[in-house]
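First comes the structure, then the notes that go with it.
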Amino acid sequence: MNANEPPKALRGVGNFIDDRFHLAKMGEKNLRKVFPTHWSFMLGEIALYSFIILLLSGVFLTLWFDPSMEHVTYDGSYQRLNGVGMSRAYESTLHLTFDVRGGLFMRQVHHWAALIFVASLVFHMLRVFFTGAFRKPREINWVIGATIFMLATIEGLFGYSLPDDLPSGMGLRILQGVMMSLPLVGTYVSMFLFGGEFPGDLIIPRLYSLHILVIPAVLLALIAAHFMILWHQKHTQYPGAKETEKKNIGAPMFPAFAVKAGGFFFFTFAIIAGLAAFVQINPIHLFGPFSPTSISAGTQPDWYMGFLEGSLRIFPNWFDVNIAGYAIPTAVLVPGLGIMGLVFTGPMVWPFIEAWITGDRRPHNVADRPRNAPTRTGLGVAAITFYGVLWLAGSNDILSHTFSISLYTTTYIFRVAVLVGPVLAFIIAKRICLGLQRRDRETLEHGYESGTIQQLPSGEFIEVHKESSENMVHVLQSKKPLPRIDVDATDENGVESPAKRSIMGRLREGLAHWYTKDNVSFDGVRPNSGHHLHHDGFEDAAEEHDRSETVRTP
Amino acid sequence: MKWITARRRHPLAGYVVVILALVVFGVGYTFLAPTADRAEAQQDQAAPERSDGKIDLAQGKEIFAQSCASCHGKNAEGKRVGDTDVPSLIGVGGAAVDFQVSTGRMPSMNADKQMPRKYPAFTQDEIDDLVAFYEDEFGDDGPKVPEEDLVPATAPERNQFPSDHEGEKAFEKAKEEYDEAFASYTSNSDTEAGMKLYLTNCAHCHSWSGAGGALTDGRWAPELHEASPRQLYEAMLTGPGAMPVFNDATVSAEDKQNIIAYVNDLQEEPDAGGPFALGRVGQVAEGFIGWTIGISLIVACAIWITAKQRSHD
């Protein structure tokens, strides 16, 4: 018998199935599917794995948690709260924590996994953004991803509100406040969600069915769609000698990538379980049950809602107005709903905005190096700064207390920083990108600095440059001229195109100019050719060359 | 040497040097720098031991003249020091004096700043003398220090007693007495009432865990981790700093007892969720750990496993 042939019994079963479902052909294709190996392509997997952990630990929690707002008196093994009146939801959470074996651990796993889940989504989105992997043909998958991020945040907020401890109720109160700020419909929306006045006795059962059924089901469907589209469109990859728009280079799905991904699941699980075992999170038994009369210093939302807390904290009330006796609380409306809308929908529309500005409708399978799209990278860093300042502002009382800074001072610092910070970040990030581009051009033309110093016969010391490898040359040459629409073209009769004359046309032309004007041209640079060129003169000539490339003749 | 030579050009070598330097300086500093505790302990040993329980007005007068009068004035009338109006002490009551001095806030180093809790500069006997002198000299119409058989004082500490075997015994006895007094004081307290009162009146500023928090205008609410029952009682009676006064008409003595029992519960409560409680600061600390430790470690794993794969390609 041939050593490579499977045993006869297995072969028989295999052939039986294969004759009917043609599994071998499908398996052959999909098991050999290639995944590029770079650590930044594993970020989405962290999200997937923490989501699986969330589903499993969440199922465990539902076995004991009772989403009821019925009033009960605690009588259990946590002595300190014996005789205290509370809701059934809070009581069952205490029971789960102190009387169910492993209950507290599972609660902490669930909570830490939630924090890691949203964090990995953000991390993953940033990777996709900065490498331009959202461009055609992947816009739809990017929109799905952004929707997952939005739903995950809301899912987290609802989960935070379920145990009916003190921060739960305070979070809901803020949610209700933001709803009430809606002109005309605010009070109706609030009454509709809470089934009456805040807090009522319906909100927890309602949030429960959303938290454990509706949103997870939608999330699961979106994640499945995200995955299927990824599978169909294939992964993006970083530029290299063999990596092209048409050909993916990486490890095959089976066995290499499957083993690695399987192992990575256990890394993720181990770190979440380690945190859950050693670091206390959300100690609801210390918070006490929620009562509308109670409030506590130092209670914040989980981190992914921190930016909203921050925007509410620093937005001034100077613009609140009354119209015919009806208050328009802009100090809640703008930071609460406006900023939330910006953070959630901004990413969703960006691929289409960028394609409109640049007019780039080509499919892209090779990822951009962030430095080669300086304006996009600058915008991304500006967005991170904006979000980060709001996020920090959400913890201003903790920062003030921990670092002994006056609370008012922190508010003023953040008010200025949220406006100035993104602008500075944009300028700095873009300058760094352009600097890196110049260095790339230098490396491409002169080779890399070898660290070897040589003395010439004339006595001059020089550093020997060595030729870059073939792969490095490909990476450096992956920088393409930025795509640029040509709206000011004239037709054969010398008439301007109609697109240019409209307001949108002019806006688009201005934006396109802004988006592409700063860029170091690699035109005419031959790899490893420029050893003996004099540096300064060369730089100047190159600058001239850039300008003639981008400034159009009127 | 060869070992170092082989590795000093490693990409991570720079980071290793920086981390080592930080560790050396950090550890060195903790050993060399005089900590507040150590400095206070030295000062404390110099103070004469006296435990006959008798009040010595002359001693109180001396302490007042040396440590209080320079800012508050010889007649406790208050005066202007630098840019700050130091308040008059007339009518603040013995409870306020006892609270400020026994929590180490007074004598203050800087009249412009809110004082943190420190190890007290005087022994409790000396503070008793000072309070007696204060009430004798400036009137006793303000709130008084609660009687020891009503509210247990401050838990005894080991370094208040001689370091020999006798001292050990005396300390244990005092501790036992204090624990008994405290147990009987809180025996009929109502947890639910205490919790509700705490969450309604105290947690706004001192936070759910007693960790304190920021207040307006550069002030802050101190943490309650070390506050003794008597100090809690006095703070409610006198309303130090930005704190409102909760006199016996607002919050009855019984309710104060419930609050004190609840705070004591919080102080003694172990952390069920693991050895790292993140200072019971709450969600901000959790998010910080989630990003700095959680996601960073997972990403480090991703870098590691993909790097391994690469070298085999």
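Summary of computed values
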quantity	calculated
Residue list for region A:123-154, filter: aliphatic (A, V, I, L, M), in a helix (DSSP H, G or I) and either in contact (Cβ under 8 Å) with a residue 60 or more places away in the chain or in contact with a Ser or Thr (Cβ under 7 Å, 6 or more places away or on another chain) (or both)	A:M125, A:L126, A:I140, A:V143, A:I144, A:A146, A:I148, A:M150, A:L151, A:A152, A:I154
Subset of region A:284-309 that is of a type outside the set (S, T, Y), under 29 Å from A:Y387 (Cα atoms) and assigned to a helix (DSSP H, G or I) - its residue that is nearest to the other protein chains (Cβ to nearest Cβ)	A:W303
Residues located in region A:6-25, provided they are of a type in the set (G, A, S) and loosely packed, with under 10 Cβ neighbours inside 10 Å	A:A9
Verdict on B:E254 being at pLDDT 85 or above, within 7 Å of chain A (Cβ to nearest Cβ) and assigned to a helix (DSSP H, G or I)	no
Residue in region A:244-259 that is facing chain B (nearest Cβ under 10 Å), without any contact (Cβ under 8 Å) to a residue 12 or more places away in the chain and either crowded, with 17+ Cβ neighbours inside 10 Å or among the small types (G, A, S) (or both) present	yes
Flag if A:V118 is open to solvent by 20 Å² or more (accessible area, probe 1.4 Å), modelled with pLDDT of 95 or more and among the β-branched types (V, I, T)	no
Considering residues of region A:272-283 that are in a helix (DSSP H, G or I) and in contact (Cβ under 8 Å) with a residue 12 or more places away in the chain only, the residue farthest from the other protein chains (Cβ to nearest Cβ)	A:A273
Scan of region A:54-70 for residues that are open to solvent by 60 Å² or more (accessible area, probe 1.4 Å), assigned to a loop (DSSP other than H, G, I, E, B) and either touching a residue at least 60 places away in the same chain (Cβ under 8 Å) or in contact with a Cys (Cβ under 7 Å, 6 or more places away or on another chain) (or both), ordered by number	A:E70
Failed criterion for A:L286 (all others in (1) over 30 Å from A:V366 (Cα atoms); (2) in contact (Cβ under 8 Å) with a residue 12 or more places away in the chain hold)	(2)
Output for region B:264-295, where each listed residue is open to solvent by less than 50 Å² (accessible area, probe 1.4 Å) and modelled with pLDDT of 90 or more	B:Q283, B:V284, B:A285, B:E286, B:G287, B:I289, B:G290, B:G294, B:I295
Tally of residues being crowded, with 22+ Cβ neighbours inside 10 Å and in a helix (DSSP H, G or I) across region A:356-369	1
Failed item in (1) of a type in the set (A, V, I, L, M); (2) assigned to a loop (DSSP other than H, G, I, E, B); (3) more than 15 Å from B:E234 (Cα to Cα); (4) open to solvent by less than 50 Å² (accessible area, probe 1.4 Å), with B:M109 passing the rest	(4)
Any helices (runs of 4 or more DSSP H) falling wholly within region B:155-235 and containing at least 3 residues that are within 21 Å of A:S294 (Cα to Cα), open to solvent by less than 40 Å² (accessible area, probe 1.4 Å) and within 10 Å of chain A (Cβ to nearest Cβ)	B:191-197
Selection count, region A:493-513, where residues are at pLDDT 80 or above and open to solvent by 80 Å² or more (accessible area, probe 1.4 Å)	4
Some residue of region A:223-245 being assigned to a helix (DSSP H, G or I), among the charged types (D, E, K, R) and under 26 Å from A:A119 (Cα atoms)	no
Failed criterion for A:I427 (all others in (1) closer than 30 Å to A:T236 by Cα; (2) open to solvent by less than 70 Å² (accessible area, probe 1.4 Å); (3) at pLDDT 90 or above hold)	(2)
Cross-chain or 6+ apart pairs with Cβ under 6 Å, region A:430-444 first and assigned to a helix (DSSP H, G or I), then at pLDDT 90 or above	A:K430/A:P374; A:K430/A:G378; A:C433/A:R371; A:C433/A:P374; A:C433/A:T377; A:L434/A:P374; A:L436/A:R371; A:Q437/A:R371
Tally of residues being of a type in the set (S, T, Y) and touching a Pro at 6+ places or on another chain (Cβ under 7 Å) across region A:186-237	1
Single residue of region A:403-414 satisfying the filter (more than 8 Å from every other protein chain (Cβ to nearest Cβ) and more than 24 Å from the chain's Cα centre (by Cα)) that is surrounded by the most Cβ atoms within 10 Å (Cβ to Cβ)	A:T410
Residue in region A:384-402 that is more than 28 Å from the chain's Cα centre (by Cα), on the phi < 0 side of the Ramachandran plot and open to solvent by 40 Å² or more (accessible area, probe 1.4 Å) present	yes
Test: residue in region B:251-263 that is within 15 Å of the chain's Cα centre (by Cα), open to solvent by less than 30 Å² (accessible area, probe 1.4 Å) and under 15 Å from B:H206 (Cβ atoms)	yes
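To keep it simple, each residue is scored yes or no on (1) part of a helix (DSSP H, G or I); (2) more than 9 Å from chain B (Cβ to nearest Cβ).
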site	(1), (2)
A:V72	no, yes
A:M86	no, yes
A:T93	yes, yes
A:L96	yes, yes
A:R101	no, yes
A:Q108	yes, no
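The values are calculated or read from the model by the stated rules, or taken from the named source; none is laboratory data. Bear in mind that the values here come from a model prediction, so they are computed numbers and not experimental data. Here the Cβ is made from the backbone with ideal geometry for all residues, glycine too, and neighbour counts use every protein chain on show. For the accessible areas, the whole protein counts, side chains as well, though only heavy atoms, and no ligand, DNA or RNA atoms are used. Shrake-Rupley method; radii C 1.70, N 1.55, O 1.52, S 1.80 Å.
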